[in-house]
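Participant: The structure's right below; bear with me while I get my questions together.
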Amino acid sequence: MRNFFKIFFACLLALVIFTILAFFFFVAALGGLTSKDKPMVASHSVLVLDLSQHFAEQVQRDPFNFVSSEDRDVPGLYDMVRLIRSAKTDKNISGIYILANGNGNSYAASEELRNALADFKTSNKFILAHGDIMSQSAYGVANIADKIYVSPMGFLEWSGYSVEYLFLKGTLEKLDIEPQIFYAGKFKSATEPLRSDKMTEANKLQTTVWLNDLYSDLLLKTAAVRNMDTATLHQLANEGKIQTAKDAADNKLVDGVRYDDEVKDEIKAKLGIDKYEKINFITVSTYLASGAIQSAKGEKIALIYAEGDIVDGRSDQGTIGSENYRTLIRKARLDKTIKAIVFRINSGGGSSLASENIWRELSLAKKEKPVVVSFGDVAASGGYYIGCGADSIFALPTTITGSIGVFGIIPNMEGFFKNKAGITFDGVKTGQYADAGAFYRPLNDNEKKMMQASVDLIYAQFKQRVAEGRKRDTAYIDSIAQGRVWTGKRAIELGLVDRFGGLQDAVQCAARMAGLKEYKVSEFPEPRNLMDEILGKKDPMNYAGKMKQEIGEDNYAIYQELKRVKEMSNGVQARLPFRFVIR
């Protein structure tokens, strides 16, 4: 018995000591007490830009970075622009090496990166790009380099753009589900995949226009840097002339075919080092951690990022919750130390009510201080709604915007439950419309009229908000609305956008409007702490990734669209068409 108690108390003591140590370890981590030295940037370093990496609007922090010898935080897009600008004047950065295989970023984000690289070139530092299998989207950024190479047995994609929509009408018919759809705007094609098995003529028209705008942008920029004409570039794609790496070189799309080691030897020659010496490559994550983005002084400008679907109430990271963003904007409005607000939007829309609530808060802020809106890859439908009242709106030619229209969906699943599952419903009600919108029965004629009237009312309000913000009459806004999708290139001509420019241009504009010579940018939402990152993850076990791997990309896309049907059944929506794939 005595030995038992010795062992028991020894184990208990060990457990207590372990618990105390673990507690202090996590307190240190949460409080930032486990400091680590900033990485140093060695002389003659080369910044590595991997285009396959996705740069979200805000920095993506690795919650366990404090226990790692590597810096794994992924810079946000605005960070990337500032890092490239910093590298331009950094005496320890000699050049940039672009890894150009895939591109994890969409068109407007890619344009911001390309513009920053073009500015970097004015420093007379080198930019070299190389890819094994180079996609068109990667090439569209990498072709700004001094020299661009592809592997001898690699491939450069040069075939033009195509867009694909996923249609679910047949699937719903097989399941005996009737999507009762109400919409305003003849181009509002968000519900088209549910009510048709192919694109309508109106959708084909708008898609053809904006897709050709994106393609023309690629051709024009490529023609400028490769000293070619757009007709020749278009012909190369149409005739399928680029089938090998040699074809790409022979037709002057790239500067040569080279293996990775050959490109590295060229970099060494530019650095003036021996071929046996190691190149000081530095990743963008490490460069960010080195403190390359200097803290500024002066008055504050609030930069509020709004990325993801717009939803009612509070939201998690990755969505724009009306309650969260009303609070953020209100704090910035009432904070006298904040002299201007920049609102960055990257959203295809969502709840019309949430969009209205966010619009309202921004309109109040505009009365107190300058409000400048910056559109990212997408600022359409509800994404346009929330920003249309700003003092000034910035976008890029490749931004997808517009889509001023609304819709509502109420699924009738009576057939599914009865015929597929053998389930029926019955009940009592105190009024004729007490169960209106129930998913287990179809709407009657009066309910359909009421639903369409609600959609029409919200559409009229949407157009009124745009007319007021853009200082146009509603008849004109109606002529360019109707749910039609536009590129930034056309939006500026139509008056939906004020200026071309990226996020940095919007920040500088806000500073001018506020009369600030010196300023610092405070970013919101603020980064989450370690425990928020660990406990707040929606999918800590990566079930989504495992499901995608198990059922394949195409089937996972179908699953995602079915999920969106469910999400869109919750009130009237101001949302872009279903997710499309541009190839």
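The values are calculated or read from the model by the stated rules, or taken from the named source; none is laboratory data. Computed from a predicted model, the values in this text were never measured in an experiment. A quick note on method: Cβ atoms are made from the backbone with ideal geometry, for glycine too, and the neighbour counts reach across all protein chains shown.
Participant: Can you tell me which residue among Gly160, Gly76, Gly131, Gly102 is among the small types (Gly, Ala, Ser), closer than 25 Å to Thr244 by Cβ and surrounded by 20 or more Cβ atoms within 10 Å (Cβ to Cβ)?
Facilitator: Going through Gly160, Gly76, Gly131, Gly102 in turn, just one is among the small types (Gly, Ala, Ser), closer than 25 Å to Thr244 by Cβ and surrounded by 20 or more Cβ atoms within 10 Å (Cβ to Cβ): Gly131.
Participant: Look through Ile181, Ile177 and report the one residue that is touching a Ser or Thr at 6+ places or on another chain (Cβ under 6 Å) and under 24 Å from Pro442 (Cβ atoms).
Facilitator: Ile181
Participant: Here's another thing I want to ask about it. Quickly run through segment 330-381 and pick out the residues that are surrounded by 24 or more Cβ atoms within 10 Å (Cβ to Cβ), touching an Asp or Glu at 6+ places or on another chain (Cβ under 9 Å) and closer than 17 Å to Ser315 by Cβ.
Facilitator: Answer for segment 330-381, where residues must be surrounded by 24 or more Cβ atoms within 10 Å (Cβ to Cβ), touching an Asp or Glu at 6+ places or on another chain (Cβ under 9 Å) and closer than 17 Å to Ser315 by Cβ: Arg344, Ile345, Ser347, Gly348, Gly349, Gly350, Ser351, Ala354.
Participant: Check Arg528 against each of (1) modelled with pLDDT of 95 or more; (2) farther than 29 Å from Thr207 by Cβ; (3) assigned to a loop (DSSP other than H, G, I, E, B) and name the one condition it does not meet.
Facilitator: (1)
Participant: Given Lys169, Lys121, Lys186, Lys147, which one is surrounded by fewer than 18 Cβ atoms within 10 Å (Cβ to Cβ) and within 17 Å of Val257 (Cα to Cα)?
Facilitator: Going through Lys169, Lys121, Lys186, Lys147 in turn, the sole match is Lys147.
Participant: Pairs, please: C-beta under 7 Å, at least 6 apart or cross-chain, first residue touching a residue at least 12 places away in the same chain (Cβ under 8 Å) and under 16 Å from Leu328 (Cα atoms) and in segment 359-380, second part of a helix (DSSP H, G or I) and not hydrophobic (A, V, I, L, M, F, W, C)?
Facilitator: Here the result reads Trp359/Tyr385; Trp359/Arg465; Glu361/Arg326; Glu361/Arg330; Leu364/Arg333; Ala365/Arg333; Glu368/Arg333, each pair linking segment 359-380 to a residue that is part of a helix (DSSP H, G or I) and not hydrophobic (A, V, I, L, M, F, W, C).
Participant: Among the helices (runs of 4 or more DSSP H) lying completely within segment 74-142, list those that include at least 2 residues that are more than 15 Å from the chain's Cα centre (by Cα) and free of Cβ contacts under 8 Å to residues at least 40 places away in the same chain.
Facilitator: 77-89, 107-121
Participant: OK, next. Mind checking which residues of segment 337-391 are part of a helix (DSSP H, G or I) and charged (D, E, K, R)?
Facilitator: Glu356, Arg360, Glu361, Lys366, Lys367, Glu368
Participant: For segment 290-314, which residues satisfy the criterion of being more than 18 Å from Glu356 (Cβ to Cβ), surrounded by 15 or more Cβ atoms within 10 Å (Cβ to Cβ) and of a type outside the set (Val, Ile, Thr)? Spell out how you get there, then give the answer.
Facilitator: Step one: list which residues in segment 290-314 are more than 18 Å from Glu356 (Cβ to Cβ), which gives 290-303, 305, 307.
Checking the rest, the ones that are also surrounded by 15 or more Cβ atoms within 10 Å (Cβ to Cβ) come to 290, 292-293, 299-303, 305, 307.
Correct list: Ser290, Ala292, Glu299, Lys300, Ala302, Leu303, Tyr305, Glu307.
Participant: So, in segment 229-278, of the ones that are basic (Lys, Arg) and over 21 Å from Gly95 (Cβ atoms), which residue ends up farthest from the chain's Cα centre (by Cα)?
Facilitator: Kept after step one, since they are basic (Lys, Arg), are these residues of segment 229-278: 241, 246, 252, 258, 264, 268, 270, 275, 278.
Remaining after also requiring over 21 Å from Gly95 (Cβ atoms): 241, 246, 252.
Details: Lys241: 33, Lys246: 35, Lys252: 32 Å.
Applying the filter and picking the extreme gives Lys246.
Participant: Same structure, new question: Scan segment 145-161 residue by residue and report those that are hydrophobic (A, V, I, L, M, F, W, C) and either over 27 Å from the mean Cα position of the chain (by Cα) or over 21 Å from Asn212 (Cα atoms) (or both).
Facilitator: Ala145, Ile148, Val150, Met153, Phe155
Participant: Still on this structure: State whether the residues of segment 196-216 include one that is farther than 30 Å from Gly402 by Cβ and either assigned to a loop (DSSP other than H, G, I, E, B) or modelled with pLDDT under 95 (or both).
Facilitator: no
Participant: Okay, next question. Could you check Val521 against (1) in a strand (DSSP E or B); (2) more than 20 Å from Met80 (Cβ to Cβ) and say which number it fails?
Facilitator: (2) is the only condition that Val521 fails.
Participant: Restricting to helices (runs of 4 or more DSSP H) lying wholly in segment 228-306: which have 1 or more residues that are modelled with pLDDT of 95 or more, in contact with a helix residue (DSSP H, G or I) (Cβ under 7 Å, 6 or more places away or on another chain) and β-branched (Val, Ile, Thr)?
Facilitator: Output list reads 230-238, 284-289.
Participant: Condition test on Lys463, is it of a type in the set (D, E, K, R) and touching a residue at least 40 places away in the same chain (Cβ under 8 Å)?
Facilitator: Here the answer is yes, as Lys463 does meet what is asked.
Participant: Scan segment 152-169 and report the pairs whose first residue is among the charged types (D, E, K, R) and whose second residue is surrounded by fewer than 18 Cβ atoms within 10 Å (Cβ to Cβ) and modelled with pLDDT of 95 or more, with Cβ atoms within less than 8 Å and a gap of 6+ or a chain change.
Facilitator: As it stands, the answer is Glu157/Ile133, since those pairs meet every condition given.
Participant: Look through segment 477-522, keep the residues that are farther than 24 Å from Ile304 by Cβ and without any contact (Cβ under 8 Å) to a residue 12 or more places away in the chain, and return whichever of them is farthest from the chain's Cα centre (by Cα).
Facilitator: Among those residues, the one meeting the criterion is Ser479.
Participant: Mind checking which residues of segment 281-305 are touching a Ser or Thr at 6+ places or on another chain (Cβ under 6 Å) and farther than 14 Å from Lys520 by Cα?
Facilitator: Within segment 281-305, Ile282, Ala292 meet the criteria.
Participant: Take Thr171 and decide whether it is farther than 30 Å from Met134 by Cα, modelled with pLDDT under 95 and over 28 Å from the mean Cα position of the chain (by Cα).
Facilitator: The answer is yes for Thr171.
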